[in-house]
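Structure, as structure tokens:
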Amino acid sequence: MIVPPRPLEADAVIGILGGGQLGRMIALAAARLGFKCHVLCPDPRSCAFDVVHRVSEADYTDKVALDRFAEDVDVVTYEFENVPAETATFLSARVPVLPDPRVLATTQDRLAEKRFVESLGIATAPHAAVDGPDDLEAALAALGRPAVLKTRRFGYDGKGQRILREGDDPHAAWSDIGEQPAILEAFVPFEREVSVIAARGLDGTVQVYDIAENEHRDHILKVSRVPAAVPDAIAEEARAIAGKIAEAFDYVGVLGVEMFVVPGAARPVLVNEIAPRVHNSGHWTLDGASVSQFEQHVRAIAGWPLGVPVRHGRVEMHNLIGDEILDHRAWLTVPGATVHLYGKATVRPGRKMGHVTRVLPE
Ligand code: AMP
């Protein structure tokens, strides 16, 4: 890997792969620190394009465009984890790519991710690899029902997933997920879902935010509340787990770790998923903390010192999904609320259109 100059000068150009709202908010934070951003994304309507210095509307496999992109930027980062591994590798031969593309190989595959987490002595849901209907029958016999069948790759917001309850036909479930390499997970009887946003700097410093409690609707994050209503020991364990994962990856940047909390269990905190990027459940930090996850990410990849995040109160983050974007007007006058709109022209059901943070007294 090419080692980036440290620290980047304030007029340096940060390359971002992916043009969604996460890229947009990274770019806005970067601009505040004096950096310019160049976003590469195949979609001409990318909402990150609206707020940056330069755009490349190109496919992730377009080597000519990637070469030009690499020449224009001082460091490359990504706002979504399904950047093709070859793209990240191609770029990392030309310009520093942070977090290191090796992290993608692990986090793009649920089985590799679970094995990595377990190798650190951290608990995950009991699981088994499933490569066909016979494997699925065997895994169901071993893990019991209900259980969750998930594709190993390209799953998000509940896509590529199927719950198997008593009486459900494994063959139908296998066909529902597109007959792709998968894992079966035992259903975790969690009390809460929480997530931890951690940052690790180029110098190895780690900063971990207070943990968020997450409420989903139709598999999509709807509300995050910080701090999560869990005992201090659980919160500390969750924060320690995120820090340990960041260290083990030799990570540079921000990552989000989603976890299940099962009070009273021998292992009350289980890791569900690692997102090697800024995370929706960390949007509360924009208005609820002294340094946001987006700024923290920019500082990390620029080799700048990380901020020590101080929370401004109790914080809630509400996603505006699909038609809920129309509600933003009502939110504009709610005390303590700050409205963030992503500038997406087309509303679709399930599409994240904006969010609101609300800072309340402790
Ligand atoms: P994921 O795509 O892995 O984040 O899963 C999406 C959602 O499905 C999670 O946020 C949970 O609400 C639920 N879920 C996933 N895996 C399990 C599991 N093993 N046990 C119980 N619920 C799960």
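Scanning the range 26-79 for residues that are under 27 Å from R351 (Cα atoms) and in a strand (DSSP E or B) turns up C37, H38, V39, L40, C41, R54, V55, S56, E57, V76, T77, Y78. The set of residues in the range 1-50 being open to solvent by less than 50 Å² (accessible area, probe 1.4 Å), aliphatic (A, V, I, L, M) and under 29 Å from V356 (Cβ atoms) consists of I14, I16, L17, L22, M25, I26, A27, A29, A30, L33, V39, A48.
Taking each residue of the range 337-352 that is under 14 Å from S46 (Cβ atoms) and in contact (Cβ under 8 Å) with a residue 24 or more places away in the chain and looking for partners that are assigned to a loop (DSSP other than H, G, I, E, B) and not aliphatic (A, V, I, L, M) with beta-carbon atoms closer than 6 Å, six or more apart or interchain, yields Y342/C47; G343/C47; K344/C47.
Applying the set (1) within 16 Å of the ligand (Cβ to nearest atom); (2) within 20 Å of the chain's Cα centre (by Cα); (3) open to solvent by 30 Å² or more (accessible area, probe 1.4 Å) to I274 leaves exactly one unmet item: (3).
The residues listed here are Q161, Q207; of these, the one that is open to solvent by 30 Å² or more (accessible area, probe 1.4 Å) and in the same structural domain as R311 (by TED's automatic domain parsing) is Q207. As a summary of the residue check, F154 satisfies the conditions (1) modelled with pLDDT under 95; (2) farther than 28 Å from V83 by Cα except for the one numbered (2). Tell me, please, whether a residue that is over 17 Å from R311 (Cβ atoms), assigned by TED's automatic domain parsing to the domain that holds R311 and away from the ligand (no atom under 15 Å from the Cβ) can be found in the range 214-233. Among the residues of the range 214-233, at least one is over 17 Å from R311 (Cβ atoms), assigned by TED's automatic domain parsing to the domain that holds R311 and away from the ligand (no atom under 15 Å from the Cβ), which makes the answer yes.
Restricting attention to the range 81-121 and to residues that are in a helix (DSSP H, G or I), open to solvent by 40 Å² or more (accessible area, probe 1.4 Å) and of a type in the set (A, V, I, L, M), the residue that is nearest to A65 (Cα to Cα) turns out to be A85. You will find that of R54, R94, R6, R24, the residue that is touching a helix residue (DSSP H, G or I) at 6+ places or on another chain (Cβ under 9 Å) and at pLDDT below 95 is R6 and no other. For the range 266-298, residues that are closer than 17 Å to V194 by Cα and part of a loop (DSSP other than H, G, I, E, B) total 8.
Filtered by the rule that a residue be under 25 Å from P276 (Cα atoms) and within 11 Å of the ligand (Cβ to nearest atom), the range 163-187 gives I183, L184, E185, A186, F187.
Okay, residues lined up against (1) within 28 Å of F249 (Cβ to Cβ); (2) assigned by TED's automatic domain parsing to the domain that holds G282; (3) free of Cβ contacts under 8 Å to residues at least 24 places away in the same chain:
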position	(1), (2), (3)
E79	yes, no, no
V83	yes, no, no
T89	yes, no, yes
L120	yes, no, no
V130	yes, no, no
V148	yes, no, no
A172	no, no, yes
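The residues of the range 70-80 that are at pLDDT 95 or above and either buried (at least 18 other Cβ atoms within 10 Å of the Cβ) or touching a helix residue (DSSP H, G or I) at 6+ places or on another chain (Cβ under 8 Å) (or both), listed by number, are A70, V73, D74, V75, V76, T77, Y78, E79.
Would the range 255-265 turn up any residue that is within 16 Å of the ligand (Cβ to nearest atom), in a loop (DSSP other than H, G, I, E, B), touching a residue at least 24 places away in the same chain (Cβ under 8 Å) and in contact with an Asp or Glu (Cβ under 9 Å, 6 or more places away or on another chain)? So that I can check it myself, show each step before the final result.
Within the range 255-265, the subset within 16 Å of the ligand (Cβ to nearest atom) is 255-263, 265.
With in a loop (DSSP other than H, G, I, E, B) added as a condition, the list becomes 262-263, 265.
Then keep just the ones that are touching a residue at least 24 places away in the same chain (Cβ under 8 Å); that gives 262-263.
Filter once more, keeping what is in contact with an Asp or Glu (Cβ under 9 Å, 6 or more places away or on another chain): 262-263.
Scanning the range 255-265, I find at least one residue that is within 16 Å of the ligand (Cβ to nearest atom), in a loop (DSSP other than H, G, I, E, B), touching a residue at least 24 places away in the same chain (Cβ under 8 Å) and in contact with an Asp or Glu (Cβ under 9 Å, 6 or more places away or on another chain), so the answer is yes.
For the range 225-242, check the following and say yes or no: at least one residue is out of contact with any Asp or Glu (no Cβ under 9 Å at 6 or more places or on another chain), in contact (Cβ under 8 Å) with a residue 60 or more places away in the chain and either open to solvent by 20 Å² or more (accessible area, probe 1.4 Å) or part of a helix (DSSP H, G or I) (or both). Even if it seems obvious, please write down each step before you answer.
The first filter runs over the range 225-242 and keeps only residues out of contact with any Asp or Glu (no Cβ under 9 Å at 6 or more places or on another chain), leaving 231-234, 236-238, 240-242.
Subset that is in contact (Cβ under 8 Å) with a residue 60 or more places away in the chain: 241.
Still in the running and either open to solvent by 20 Å² or more (accessible area, probe 1.4 Å) or part of a helix (DSSP H, G or I) (or both): 241.
Yes, that holds for at least one residue.
Taken over the range 299-336, the residue count meeting the criterion of being out of contact with any Lys or Arg (no Cβ under 9 Å at 6 or more places or on another chain) and either among the acidic types (D, E) or in contact (Cβ under 8 Å) with a residue 24 or more places away in the chain (or both) is 11.
The values are calculated or read from the model by the stated rules, or taken from the named source; none is laboratory data. Just so we're clear, the structure is a prediction, and the values are computed from it rather than from any experiment. Note: ideal-geometry Cβ built from the backbone for every residue, glycine included; neighbour counts use all protein chains shown. The accessibility values were calculated without ligands, DNA or RNA, using every heavy atom of the protein model including side chains. Shrake-Rupley method; radii C 1.70, N 1.55, O 1.52, S 1.80 Å.
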